[in-house]
1. Need pairs with beta-carbon distance below 7 Å; first residue touching a residue at least 60 places away in the same chain (Cβ under 8 Å) and within 10 Å of residue 185 (Cβ to Cβ) and within segment 265-285, second more than 16 Å from the ligand (Cβ to nearest atom) and assigned to a helix (DSSP H, G or I); sequence gap 6+ or separate chains.
2. When you check residue 291 against the structure, is it within 16 Å of the ligand (Cβ to nearest atom) and either modelled with pLDDT of 90 or more or not in a loop (DSSP other than H, G, I, E, B) (or both), yes or no?
3. Give the residue, chosen from 214, 167, 189, 144, that is farther than 27 Å from residue 85 by Cα and either surrounded by 20 or more Cβ atoms within 10 Å (Cβ to Cβ) or away from the ligand (no atom under 16 Å from the Cβ) (or both).
4. Residues 241, 245: which one is surrounded by 14 or more Cβ atoms within 10 Å (Cβ to Cβ), away from the ligand (no atom under 12 Å from the Cβ) and under 19 Å from residue 215 (Cα atoms)?
Ligand SMILES: [Zn+2]
């Protein structure tokens, strides 16, 4: 097991048109002054160059320019506004028909050598809908927005950076992990505020609408002081629990997190205390819903 298998995977991806060769950028990550990652701008330019921008936009094969995708994108934001009216994309500066929504996604996977690897990617919430939608052929899609569940994730997830676990596990507070996240978040922030010029005309703005991942990733990446990791392991524990929820103070000595009533004591502590000592890059840098912030 090792690089041989990974080379084979790489060749299979290339054969099926799933491999991009975007220009790489380099930044300081841990001991490495030139750690490679893909800037969001470089990803967008490469997708346009090879005729695959529609995979990122998610409105069908015909919607590969802003002119064609514009009405569908405007429709998406009109719906999104109902649940997230405080998002900074609605501040009146950006033309919503040029804004493509994306989720950041972090995950700790396993390499072929069975070691850990942290991977960061992005994807649009828009796509072919669900299997029960019966939307018909993707190439004559109407350009109306649908969810992104049908089809294979290999085609709609775009890698931005990766880091071997052995390169950050021995550091205090996973420093190299946060350095890589910061590089990627900054490049998404640039693409969302300045936009990326397209050859076919206009500027495409890639707008973050969320940071996805499992709880270990979310707790680490957001530098949460209060998370599931603090759940007491024994009925009586020497050190008082500092809290198990990033939204409220459940788990603290005064606030039993196992209270199952419809008015638990921790309810009044929602938003009472910020859940981090140092704010992570997501809310510090990226556009987000200010009304959802506690
Ligand atoms: Zn809570």
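The values are calculated or read from the model by the stated rules, or taken from the named source; none is laboratory data. Please read these numbers as outputs of a predicted model, since none were measured by experiment. Cβ atoms come from the backbone with ideal geometry, glycine included; neighbour counts cover every protein chain shown.
1. Once the first residue is touching a residue at least 60 places away in the same chain (Cβ under 8 Å) and within 10 Å of residue 185 (Cβ to Cβ) and sits in segment 265-285, its partners that are more than 16 Å from the ligand (Cβ to nearest atom) and assigned to a helix (DSSP H, G or I) give 280/221; 281/181; 281/182; 281/185; 282/185; 285/185; 285/186; 285/189.
2. Details: within 16 Å of the ligand (Cβ to nearest atom): no; either modelled with pLDDT of 90 or more or not in a loop (DSSP other than H, G, I, E, B) (or both): yes.
Criteria not met by residue 291.
3. Details: 214 fails: farther than 27 Å from residue 85 by Cα; 189 fails: farther than 27 Å from residue 85 by Cα; 144 fails: farther than 27 Å from residue 85 by Cα.
167 is the lone residue from the list that is farther than 27 Å from residue 85 by Cα and either surrounded by 20 or more Cβ atoms within 10 Å (Cβ to Cβ) or away from the ligand (no atom under 16 Å from the Cβ) (or both).
4. Working: 245 fails: away from the ligand (no atom under 12 Å from the Cβ).
Answer to the check: 241.
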